[in-house]
Amino acid sequence: MSGPLVVNDSVVIPDAELVWRFSRSSGPGGQGVNTTDSRVELVFDVAATTALPPALKARALERLGTGTITVAASEYRSQLRNRQAATHRLAQRLREAIAPPPKRRRPTKPSRGSVERRIAAKKQRSDLKRLRREP
């Protein structure tokens, strides 16, 4: 399960920049839960990485707010599956952090025809309700 973490086509995090920690999980596992270190914590230091270009690193630091990302996984009984879950979550968080900002909305105004149709419909509804009233 070791090796570089592929975030997207252009960003690959080397294994040396990922810090793994293991501990006993509180989840399912029967008698083995007390002896196996199946809980996984994956720590990645965004501020110190060399895998991200400067522009993407600045964007990630701005969006994340902190210099490190810590991901914990303990939902599976095996350490291997928890490691896979942690790497998947870290890659997802990094993809969201380095994604380009959304396009700015160009303000528009309704067309003259749509405004006229809306007002005509309002008048028609008003007339209908006026005819229902008692004189």
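The values are calculated or read from the model by the stated rules, or taken from the named source; none is laboratory data. Just so it is clear, the model here is predicted, and its values are computed rather than measured. Positions of Cβ are generated from backbone atoms using ideal geometry, with glycine treated the same way; all protein chains shown enter the neighbour counts. Only protein heavy atoms, including side chains, enter the accessible area calculation; ligands, DNA and RNA are left aside. Shrake-Rupley method; radii C 1.70, N 1.55, O 1.52, S 1.80 Å.
Within region 11-37, the residues that satisfy the criterion of being modelled with pLDDT under 85, hydroxyl-bearing (Ser, Thr, Tyr) and either open to solvent by 30 Å² or more (accessible area, probe 1.4 Å) or farther than 17 Å from Arg89 by Cβ (or both) are Ser26, Thr35, Thr36. Selection of first residues in region 65-76 that are in contact (Cβ under 8 Å) with a residue 12 or more places away in the chain and farther than 10 Å from Val43 by Cβ and of second residues that are aromatic (Phe, Trp, Tyr) and surrounded by fewer than 18 Cβ atoms within 10 Å (Cβ to Cβ), restricted to Cβ pairs under 7 Å at least 6 apart or on distinct chains, gives an empty result. The criterion of at least 2 residues that are within 24 Å of Pro4 (Cα to Cα) and open to solvent by 80 Å² or more (accessible area, probe 1.4 Å) is met by the following helices (runs of 4 or more DSSP H) wholly inside region 38-135: 54-64, 79-98.
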